[in-house]
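Right, one structure below, let's go through it.
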Amino acid sequence: MNPFSSGTRLRDMIRAIRACKTAAEERAVVRKECAAIRAAINENDQDYRHRNLAKLMFIHMLGYPTHFGQMECLKLIASTGFPEKRIGYLGLMLLLDERQEVLMLVTNSLKQDLNHSNQYIVGLALCALGNISSAEMARDLAPDVERLLQFRDPNIRKKAALCSIRIIKKVPDLAENFMNPASSLLKEKHHGVLITGVQLCTDLCKVSSEALEYFRENCIEGLVKTLRDIANSPYSPEYDIAGITDPFLHIRLLKLLRILGQGDADASDCMTDILAQVASRTESNKNAGNAILYECVETIMSIEDNGGLRVLAINILGRFLSNRDNNIRYVGLNMLMKAIMVDAKAVQRHRATILECVKDSDASIQKRALELVYLLVNESNVKPLTKELIEYLEVSDQEFKGDITAKICSLVEKFSPAKIWYIDQMLKVLSEAGNFVKDEVWHALIIVISNASDLHGYTVRALYRVFQASTEQESLVRVAVWCVGEYGDMLVNNVGMLDIEEPITVTESDAVDAMEVAIKCQRLGLTTKAMALIALFKLSSRFPSCSERINDIIVQNKRSLVLELQQRSIEFSCILQKHQNIRSALVERMPILDEKTFSGRKAGSLPTAVSTSSIIPCNLPNGIGKPAAAPIGDLLDLSSDDAPPAPVSSGGDFLQDLLGVDLSPASAPSGTSQSPKTGTDVLLDLLSIGTSPSVQSSSSAIDILSSSHDNKAPVSNLNGLASHSSLSANATSPASSAGMMDLLDGTGAITQKHEENGPAYPSLVAYESSTLRMTFNFSRQPGNPQTTFIQATFTNLSPNVYNDFLFQAAVPKFLQLHLVPASSNTLPASGNGSITQCLKVTNTQHGKKLNRLEACWGSITLSSNHFGNFEYFGQGYIWHV
């Protein structure tokens, strides 16, 4: 009886499973059937073994475990009948894979079936071996498969070729055994055998260089002839697809020719004619023809140089871009991205078509075309391509603006022919999609504007026009408020007017209005409002007539709930009301920003422009030499300016670059000799590393950038306000310097000078201005090196008496600090008295970490009014009003 008749349970099981309404019902049916199959297996039911295995394969396809039926596959394979073997081999390919140990048991059955007199059983064995063959099975059965490549029946030869591909992939060492049989398959007339033979040769070339050379020497002419015959063959209904004879064989032959011609000029010359014929005669109105053309183009671009063929291939890709099918356009763009590396000029001819693809409605084509346009841009075509992209940016979708703005900004920065063109294009991008650009973009624009001194007036006027039109793009507003704050006087006075500009009339009040709008605009962020506040503060000096109005706007923000704005407003208001004498110096125009430094940071590393050869490396306490200069430069983020660096001996080096300090030697007192102290020495003293000569130098004003509490780099880096103080460091002698180094756990290998009561340390004038001097005296007790006593002496140099004096300090966690109350809370005027306060610092990790004051701060009241406060952070003292 036919086991698959209407009365069999396989059909009933499928119906029962399909009738289940829930997953639980389906699992119940499957469990019931699996239990029945297990019972039949235990009873060794031979009559329904094939039916049970068929049901197991269906259950396996549903995703349920069926490992208990693996041995049933082997039993059916070992049977003599064709139906049983067919079910057995099907189960073997479906239920097992090459990693199963059970598979080793079937090797003998496979060998017997490969030598079977029934060609259908031979075909079953070849199919199974080609699907699940392991390396061990491939080695054992390779001779039988090689023999079957010469079998009389074409179906067997075809299956043997496919099985051979599996064998050489599993065991590449067997490739040489299949070279001769594979080359003989290339002469077959049967297309099924021929296409499998071509694929076998292709895989042999990939796994064996010997096979590649063998086919180059013996088979190229035959392959070219075969391809020509197929291309010129008349209509054949057996192989015809859309009017093309066997396009699958076309593609396989082209792929094999591509492998053979790559890197071999002689082989490439042999196939140029047929490639030109295929490329020019194949119809492109059907998918089959487009597939052949695509493979032909890829072959032409891969073989050795032939200029005429490559132009023809790129023209075919250009036709692909005009096709209505999105898939064909996409593969055309992909291939053009590869072709541009080979022949950029030929691809440039299709620039207009590629730009049209950027405007396509399909997102994948848009992105791929944009990437291709990015590769097409060079110095000669950057202007027209950028114009096209910016015009499309105006109408592009919101989700695509981020990608296109990133590409445009990168192109403008990379290929900009002039700074004025760069500024114009960036303003267009920011005005259209400023909310989509990254912070680095408008940072770079400000750097360029700062360096283009002849374009300051033109830029600030252009930004003012755009700002007046709209404040929706926040990046544009940031650049605008920065430029108005820096060059507001040029805006009002029309300084640097160019011929291409239209006249514009802006009053001082108009500029202040613009900054007020930016501060009060609700949709702008904290960083933008802080930058606008700083710009207003700068305009108070540039526009004296508007100073009162600016002060009123700043005072309004003193009640802001945002701490950053509140703090800035309080500080700026205090300067405007009480310290007019220093305001002009605080709001001076920013120095020219270094483009090279910014580019180095953007690339992830700083340029090594600072000469550090003159810094003497100091020795660590454990005797390990410390690297001389690079760590200091990297740590402090130092770089050279555009001007040539001054010699180290003149003092114009690291510290001058960092703080803007004039490090020229101070005049020595009469009767004493004084050696010039270099900037490097001052820096080493400041950082407490190394030794320095016995000198006394006075410093000039230190420019200190105002900090941003929200850690926004643009505010702190681009909108710094300079405040003024003086810094002095006195060293009495080399020995005293050595004592200081010891006190601070310094790294200099200097012998300390000991006295009877312990080592002597020099006094340090830590802070001095026209109103206050702060001096530190250091001491240690013999036998207790981890404890340092610091006596701070405060002297009032002004004619006013200071009341309610308060001084505090902070140290790292590994230090313990004890503050003794100050000797008084009133500081006499004109240096007629002083206040002293003792600090006891204990280093719990003495010898491992350095003593250092993390921060000091204090407050002073003048005549019952709060005068100000002083702060010390790290290695420098800062005066804040």
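Please verify whether residue 358 is touching a helix residue (DSSP H, G or I) at 6+ places or on another chain (Cβ under 7 Å) and open to solvent by 50 Å² or more (accessible area, probe 1.4 Å), treating the condition exactly as stated. For residue 358, the condition - touching a helix residue (DSSP H, G or I) at 6+ places or on another chain (Cβ under 7 Å) and open to solvent by 50 Å² or more (accessible area, probe 1.4 Å) - is not met. Residue 388 meets the stated requirement of being open to solvent by 20 Å² or more (accessible area, probe 1.4 Å), closer than 24 Å to residue 407 by Cβ and either in a helix (DSSP H, G or I) or in contact with a strand residue (DSSP E or B) (Cβ under 6 Å, 6 or more places away or on another chain) (or both).
For segment 551-567, a tally of residues being free of Cβ contacts under 8 Å to residues at least 12 places away in the same chain and basic (Lys, Arg) returns 1. For residues that are out of contact with any Leu (no Cβ under 8 Å at 6 or more places or on another chain) and not acidic (Asp, Glu), scanning just segment 215-232, find the one that is farthest from residue 289 (Cα to Cα). Only one residue fits best here, namely 218. The residues on offer are 158, 225, 169, and the sole one that is among the charged types (D, E, K, R) and surrounded by fewer than 14 Cβ atoms within 10 Å (Cβ to Cβ) is 225. Among the residues of segment 426-447, those identified as assigned to a helix (DSSP H, G or I) and open to solvent by 20 Å² or more (accessible area, probe 1.4 Å) are 428, 431, 432, 435, 436, 439, 440, 441, 443.
Report yes if some residue within segment 364-380 is surrounded by fewer than 19 Cβ atoms within 10 Å (Cβ to Cβ) and more than 27 Å from residue 423 (Cα to Cα); otherwise report no. Yes.
So for segment 27-50 (the condition being surrounded by 13 or more Cβ atoms within 10 Å (Cβ to Cβ), in a loop (DSSP other than H, G, I, E, B) and modelled with pLDDT under 90), does at least one residue qualify? Checked segment 27-50: at least one residue is surrounded by 13 or more Cβ atoms within 10 Å (Cβ to Cβ), in a loop (DSSP other than H, G, I, E, B) and modelled with pLDDT under 90. For residue 238, are the conditions met, namely being assigned to a loop (DSSP other than H, G, I, E, B) and open to solvent by 50 Å² or more (accessible area, probe 1.4 Å)? Against the criterion (assigned to a loop (DSSP other than H, G, I, E, B) and open to solvent by 50 Å² or more (accessible area, probe 1.4 Å)), residue 238 qualifies. Within segment 90-97, is there a residue that is open to solvent by 60 Å² or more (accessible area, probe 1.4 Å) and not hydrophobic (A, V, I, L, M, F, W, C)? Among the residues of segment 90-97, not one is open to solvent by 60 Å² or more (accessible area, probe 1.4 Å) and not hydrophobic (A, V, I, L, M, F, W, C), which makes the answer no.
Is it the case that some residue within segment 848-857 is more than 16 Å from residue 775 (Cα to Cα), assigned by the TED database to the domain that holds residue 793 and modelled with pLDDT of 80 or more? Taking every residue of segment 848-857 in turn, none turns out to be more than 16 Å from residue 775 (Cα to Cα), assigned by the TED database to the domain that holds residue 793 and modelled with pLDDT of 80 or more.
Let's see how each residue does on (1) more than 24 Å from residue 107 (Cβ to Cβ); (2) of a type in the set (A, V, I, L, M); (3) open to solvent by less than 30 Å² (accessible area, probe 1.4 Å):
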| position | (1), (2), (3) |
| --- | --- |
| 140 | no, no, no |
| 181 | no, no, yes |
| 184 | yes, no, no |
| 193 | yes, yes, yes |
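Taking (1) in contact (Cβ under 8 Å) with a residue 24 or more places away in the chain; (2) more than 18 Å from the chain's Cα centre (by Cα) in turn, residue 443 satisfies each apart from (2).
Could you check how many residues of segment 339-364 are in a helix (DSSP H, G or I) and closer than 21 Å to residue 289 by Cβ? Qualifying residue count, segment 339-364: 2.
Pairs linking a residue in segment 344-355 that is under 14 Å from residue 313 (Cβ atoms) and in contact (Cβ under 8 Å) with a residue 24 or more places away in the chain to a residue that is of a type outside the set (A, V, I, L, M) and open to solvent by less than 70 Å² (accessible area, probe 1.4 Å), with Cβ atoms under 6 Å and 6 or more positions apart or on different chains, are 350/318. Do we have residue 452 as modelled with pLDDT of 90 or more and open to solvent by less than 70 Å² (accessible area, probe 1.4 Å) here? So residue 452 fails the test. Only one of the numbered conditions (1) under 27 Å from residue 289 (Cβ atoms); (2) in contact (Cβ under 8 Å) with a residue 24 or more places away in the chain; (3) not hydrophobic (A, V, I, L, M, F, W, C) is not met by residue 235, and that is (2).
Residues checked against (1) over 33 Å from the mean Cα position of the chain (by Cα); (2) aliphatic (A, V, I, L, M); (3) in a loop (DSSP other than H, G, I, E, B):
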| residue | (1), (2), (3) |
| --- | --- |
| 456 | no, no, no |
| 460 | no, yes, no |
| 478 | no, no, no |
| 482 | no, no, no |
| 495 | yes, yes, yes |
| 506 | yes, yes, yes |
| 531 | no, yes, no |
| 552 | yes, no, no |
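Considering each of 257, 312 in turn, give the residue that is open to solvent by less than 40 Å² (accessible area, probe 1.4 Å) and not acidic (Asp, Glu). One residue alone meets the criteria, 257. Of all residues in segment 206-235, those satisfying the criterion of being of a type outside the set (Phe, Trp, Tyr), outside any helix (DSSP H, G or I) and within 23 Å of residue 287 (Cβ to Cβ) are 233, 234.
Each residue in segment 486-525 was checked for being under 25 Å from residue 420 (Cα atoms) and open to solvent by 70 Å² or more (accessible area, probe 1.4 Å), and 7 of them qualify.
Being at pLDDT below 95, open to solvent by 60 Å² or more (accessible area, probe 1.4 Å) and either among the acidic types (Asp, Glu) or farther than 25 Å from residue 128 by Cα (or both) holds for only one residue in 188, 210, and it is 210.
The condition of being farther than 19 Å from residue 312 by Cβ, touching a Leu at 6+ places or on another chain (Cβ under 8 Å) and aliphatic (A, V, I, L, M) holds for only one of 256, 275, that being 256. The sole residue among 328, 300 that is open to solvent by 10 Å² or more (accessible area, probe 1.4 Å), touching a helix residue (DSSP H, G or I) at 6+ places or on another chain (Cβ under 7 Å) and at pLDDT 90 or above is 328.
The single condition among (1) closer than 21 Å to residue 456 by Cα; (2) surrounded by 16 or more Cβ atoms within 10 Å (Cβ to Cβ) that residue 584 does not satisfy is (2).
The values are calculated or read from the model by the stated rules, or taken from the named source; none is laboratory data. Because the structure is a prediction, the values reported are computed rather than measured. We place every Cβ from the backbone using ideal geometry, glycine too, and count neighbours over all the protein chains shown. Only protein heavy atoms, including side chains, enter the accessible area calculation; ligands, DNA and RNA are left aside. Shrake-Rupley method; radii C 1.70, N 1.55, O 1.52, S 1.80 Å.
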